[in-house]
Every structure is written in C-alpha cells, then in structure tokens.
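Chemist: Here it is: the structure, laid out below.
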Amino acid sequence: MDNNKCCVIIGGSHGGVNVAFSLRKEGWEGKIVIVDKDPNLPYQRPPLSKTYLTVKDESGYIPLKGEQAYTNEGIELLLGQEVTKVDKKTQSVELNDGTVISYDFLVLATGASPIIPPIKGIDKARNLFVMRNIQDVKGIQAALEGGVQKVAIVGGGYIGLETAASLRKLGLEVIVFEREQQLLPKVNANTLSEFLLELHQNNGVQIELQSSVSEIKNEGQTQTIITAEGKAFECDMIIMGVGVFVNQTISNQLGLEYNNGISVDKFCKTSEDTIYAVGDCNTHYSAIYDQSIRLESVQNAVDQAKIVAKSITGTSEEYNSLPWFWSDQYDVKLQIAGLTIDADNHIIRKEDEKKWSIWFFKGDQIRSVYAINNAKAYVVGMKLIQQNAKLDKEKLVDLNEKLSPKTLLIQNEINV
C-alpha cells in the first residue's frame, strides 16, 4: 500500500479515533492526521453526564487511547486546532494557524452541537451550561464549588435525566423542565416515561411537564426561570439539554449532499468519492429498518469507523449494524437494542418492580427492546432483532417461559 498517501480525519471523538486505528489494523501505511478543536486527549463521552459530574478528581476522564498508542501507530494528533477551510479540488484542509494539509482521503467525524434555544434573557443568564464535552463538565463543577445549590435542567431527554441523577447524588436541588407531556417524549411507551418520572421524583427531582421556558430574568443575585404558563422558579445554574444540531460548516464548504445529516452510502462514503462521514453527523440507510436514519450513539460511530477503514483500504464491507444505547440513572440501568421507528405495538414483560423490559413489534416481528435492569432481555432481544424474528407474544409475557430465542420464536421460524 502507498505510504505516501494521507488520510485527514476531522474530529477526535469515538468515530474519528476509531477510523484512525482501524485504518492501521486494515494495513494502511500512509499518513494519518486527526484534527480536533478540543485540546484534551480524545476521551469517552458517555461518562460526562453519568459519572464524571459526581467525582472531584480526573477519574471520570477516560481516554479512548493512551497517548503512546497514537505514537506507536504513527497517528498524528493536532489537538486544540480547528479546520477553517476545505478545498475538494486541491484536496486540502487549512487550519486556524494557517497550516495546510493535503489529503487523499478525508473523513468527517464532526459530530453535532447542543441547541441553545432563543429564550428571552438567555444572553444574560448566569452559570448557563450544556453537556457535550469535558470543558462543559469542568465548568459545571467549578460553578458548584462556587456555591450553586439550585439547578434547572431544560429538557427531559436522556442527557437531562442522567445529569439530574448525577446532580442529585451531589445533594443539589434539581428541577427539570420538559415541554412535552411526558419524559423521553420520543419513546412511544408511556410505561417507561412514567417509570422514570416516578424514579426521579422519588429521588427528590422536581419535574415540570408541559412546561416551556420562555424567559430568564436576572435581578440582583436572583436568577429566575419564567415558563410560558406563567410560573416562576429561582435557580443558580441552568443546563440545556434540548437536543443537538449537526455541525455543517465543513460539509457545506464541500457541497456534500445533506438529509438531516451528511448523506452517505452503505460504505459511509459521501457524495464525493474521497470523502467519508461517520457518527452523529451522517445520515445512512438502515437495511434492518428499510429507511434512512441518523443516530447519536457511540456504537454507531465505532461500527461505522470500521466500515470506513475497510472501504479506504479496498476491502469494502456494507454497514448494517443494529443500533444499541444505554442510560444510567441512580440504581437503574436502561439498555436499548434496536429502534422503535416502525413499531406499531409493544408488550411489557415484568419480572419485578425494578427488573422488566418493553418489547416493540411491527406486527409479530421484534424491532426493539428496552431492558430495565435486565441484561438478559437486552441480549436476547438483540439476537432476535438481528434474526428478523417473529415472536410468540403469549410466551413472552409468561414468566414461566424461559427468556431465550429458541423459546420465543413462532414455530422456530426466522425471516431472513
């Protein structure tokens, strides 16, 4: 393989770093450069809202790879730097310090950024944070050391709820505002939303549903959130968790096709032959669900990275991984296999109050499993979804029936 070629990777999170190391594994001998505006050695993102908030040392900071690993594999890290210009004609990128790097292949792992809604008075808000990188967490920790006691979280999705759980462990007063009528509004199972509502309320979190923040007032030392419903709540800190938007600056410069994310083919290649996109920033076709999707998950970024490396090195393999996710809140571990996007019915299997699962179907065909403190349901569900299986629902809800692929299949049939 030509060792004079160069692959430039923009973004040093899970997707970008795994592309680099996967390229070496696939035999790429050329130059590999990772450019990331975050000055820190690339690190695990999920612990930020889960465990990192609750520790005062650096134990929550978990590097994806040790610094020596990059040296050993000949991977150049340009941290604390930003790509300001890209030119697909000359196949080059320019950094904020004026450095120009020519590439043979370009990989966009540019991710997404938190949405900051246009709330009246938000520009004057004190201790306003998002939860996206290590600087955000350190900023929150510094504010907490400064005497913050009351925290308002805007958004009742996974990030908001995980952050609420972490802050309650620290003994803070926490209030969550969710504009929809239930937590996790995108999950079409009221049972889970109600379970998490009760879980957080039992742990002292104040939940305000159907509550939109319309204004933030600062008067002297008092900061007040005003809702569209006319209610007022004092707080010392505000954390925004209302969603993200795809970072499009680079893809727009390149004129890449876009559809809720950078459009890629089954090999994660964009509309330009030498340019790929991985992770949160891309929209790809899912053969499992027969539609284009954009995912915000570590699993997706890591699995796509392997596909990109294979494609660049000439051993192409189609991307067709089953999505999976997880969330830790207090003593509850929620594991999710698959997506509910085409499900039309669901069943609950309940071993006990703290161990149960929700099984989503399209007809009799299993599409997704939400497992609450139930690793076995998650693992079995994952296997059955990958098999495109149809299940016997009566056996599924019967606790006397063993939870296994063989037991649950309708006449042991599998639709491949």
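Chemist: Does E198 qualify as being within 29 Å of A343 (Cα to Cα), without any contact (Cβ under 8 Å) to a residue 40 or more places away in the chain and buried (at least 19 other Cβ atoms within 10 Å of the Cβ)?
Modeler: Here the answer is no, as E198 does not meet what is asked.
Chemist: Going through segment 29-53 one residue at a time, which ones are assigned to a loop (DSSP other than H, G, I, E, B) and open to solvent by 10 Å² or more (accessible area, probe 1.4 Å)? So that I can check it myself, show each step before the final result.
Modeler: Pass one, segment 29-53, residues assigned to a loop (DSSP other than H, G, I, E, B): 29-30, 37-42, 44-46, 51.
Result: E29, K37, D38, P39, N40, L41, Q44, R45, P46, T51.
Chemist: Could you pull out the residue among K56, K85, K65 that is in a strand (DSSP E or B) and either in contact with a Pro (Cβ under 9 Å, 6 or more places away or on another chain) or in contact (Cβ under 8 Å) with a residue 12 or more places away in the chain (or both)?
Modeler: Numbers: K56 fails: in a strand (DSSP E or B); K65 fails: in a strand (DSSP E or B).
Going through K56, K85, K65 in turn, the sole match is K85.
Table: residues versus (1) within 18 Å of the chain's Cα centre (by Cα); (2) open to solvent by 10 Å² or more (accessible area, probe 1.4 Å); (3) under 22 Å from K89 (Cα atoms).
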{"residue": "V264", "(1), (2), (3)": "no, yes, yes"}
{"residue": "K269", "(1), (2), (3)": "no, yes, yes"}
{"residue": "D303", "(1), (2), (3)": "yes, yes, no"}
{"residue": "D331", "(1), (2), (3)": "no, yes, no"}
{"residue": "Q335", "(1), (2), (3)": "yes, yes, no"}
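Chemist: Whether any residue in segment 202-214 is open to solvent by 60 Å² or more (accessible area, probe 1.4 Å), free of Cβ contacts under 8 Å to residues at least 12 places away in the same chain and outside the structural domain of P47 (by TED's automatic domain parsing) is what I want to check.
Modeler: There is at least one residue in segment 202-214 that is open to solvent by 60 Å² or more (accessible area, probe 1.4 Å), free of Cβ contacts under 8 Å to residues at least 12 places away in the same chain and outside the structural domain of P47 (by TED's automatic domain parsing).
Chemist: So which residues in segment 338-368 are under 13 Å from V187 (Cα atoms) and touching a Leu at 6+ places or on another chain (Cβ under 8 Å), if there are any at all?
Modeler: So in segment 338-368, the residues under 13 Å from V187 (Cα atoms) come out as 338-346, 358-360, 368.
Within segment 338-368, G338, I358, W359, S368 meet the criteria.
Chemist: How about segment 367-393: which of its residues are closer than 14 Å to K406 by Cα, β-branched (V, I, T) and crowded, with 20+ Cβ neighbours inside 10 Å?
Modeler: V380, I385
Chemist: Could you please let me know if Q253 is touching a strand residue (DSSP E or B) at 6+ places or on another chain (Cβ under 9 Å), open to solvent by 50 Å² or more (accessible area, probe 1.4 Å), in a helix (DSSP H, G or I) and not small (G, A, S)? So that I can check it myself, show each step before the final result.
Modeler: Details: touching a strand residue (DSSP E or B) at 6+ places or on another chain (Cβ under 9 Å): yes; open to solvent by 50 Å² or more (accessible area, probe 1.4 Å): yes; in a helix (DSSP H, G or I): yes; not small (G, A, S): yes.
Criteria met by Q253.
Chemist: Kindly evaluate A343 against the criterion of being surrounded by 18 or more Cβ atoms within 10 Å (Cβ to Cβ), out of contact with any His (no Cβ under 7 Å at 6 or more places or on another chain) and not in a strand (DSSP E or B).
Modeler: Working: surrounded by 18 or more Cβ atoms within 10 Å (Cβ to Cβ): yes; out of contact with any His (no Cβ under 7 Å at 6 or more places or on another chain): yes; not in a strand (DSSP E or B): yes.
Criteria met by A343.
Chemist: Something else about it: If you check Y319 against the conditions, is it more than 18 Å from T191 (Cα to Cα), touching a residue at least 24 places away in the same chain (Cβ under 8 Å) and not in a helix (DSSP H, G or I)?
Modeler: Working: more than 18 Å from T191 (Cα to Cα): yes; touching a residue at least 24 places away in the same chain (Cβ under 8 Å): yes; not in a helix (DSSP H, G or I): yes.
Spelling it out, Y319 is indeed more than 18 Å from T191 (Cα to Cα), touching a residue at least 24 places away in the same chain (Cβ under 8 Å) and not in a helix (DSSP H, G or I).
Chemist: Now a separate question. What residue, among those in segment 118-147 that are over 24 Å from V298 (Cα atoms) and open to solvent by less than 30 Å² (accessible area, probe 1.4 Å), is farthest from the chain's Cα centre (by Cα)? First the steps, then the outcome.
Modeler: Initial filter on segment 118-147 (over 24 Å from V298 (Cα atoms)): 118-128, 141-147.
After this cut, where a residue has to be open to solvent by less than 30 Å² (accessible area, probe 1.4 Å) as well, the list is 119, 121-122, 125, 143.
Values: I119: 25, G121: 29, I122: 25, A125: 26, A143: 25 Å.
Filtering segment 118-147 for residues that are over 24 Å from V298 (Cα atoms) and open to solvent by less than 30 Å² (accessible area, probe 1.4 Å), the one farthest from the chain's Cα centre (by Cα) comes out as G121.
Chemist: Can you name the residue in segment 17-53 that is among the hydrophobic types (A, V, I, L, M, F, W, C) and under 18 Å from the mean Cα position of the chain (by Cα) and is also farthest from Q68 (Cα to Cα) among such residues?
Modeler: Going residue by residue through segment 17-53, those that are among the hydrophobic types (A, V, I, L, M, F, W, C) are 17, 19-21, 23, 28, 32-35, 41, 48, 53.
Pick out the ones that are also under 18 Å from the mean Cα position of the chain (by Cα) and you get 17, 19, 48, 53.
Working: V17: 14, V19: 17, L48: 24, L53: 27 Å.
Looking at residues that are among the hydrophobic types (A, V, I, L, M, F, W, C) and under 18 Å from the mean Cα position of the chain (by Cα), I get L53.
Chemist: Determine whether V242 is within 30 Å of I175 (Cβ to Cβ) and either surrounded by 22 or more Cβ atoms within 10 Å (Cβ to Cβ) or β-branched (V, I, T) (or both).
Modeler: Details: within 30 Å of I175 (Cβ to Cβ): yes; either surrounded by 22 or more Cβ atoms within 10 Å (Cβ to Cβ) or β-branched (V, I, T) (or both): yes.
Spelling it out, V242 is indeed within 30 Å of I175 (Cβ to Cβ) and either surrounded by 22 or more Cβ atoms within 10 Å (Cβ to Cβ) or β-branched (V, I, T) (or both).
Chemist: State whether one or more residues within segment 351-361 are outside any strand (DSSP E or B) and crowded, with 20+ Cβ neighbours inside 10 Å.
Modeler: Within segment 351-361, the subset outside any strand (DSSP E or B) is 353-354.
Now drop any that are not crowded, with 20+ Cβ neighbours inside 10 Å, which leaves none.
Checked segment 351-361: no residue is outside any strand (DSSP E or B) and crowded, with 20+ Cβ neighbours inside 10 Å.
The values are calculated or read from the model by the stated rules, or taken from the named source; none is laboratory data. Here the structure is a predicted model, which means the values were calculated and not measured. For neighbour counting, all protein chains shown are included, and Cβ atoms are generated from backbone atoms with ideal geometry for every residue, glycine included. Protein only, heavy atoms only, side chains kept; ligands, DNA and RNA dropped before computing areas. Shrake-Rupley method; radii C 1.70, N 1.55, O 1.52, S 1.80 Å.
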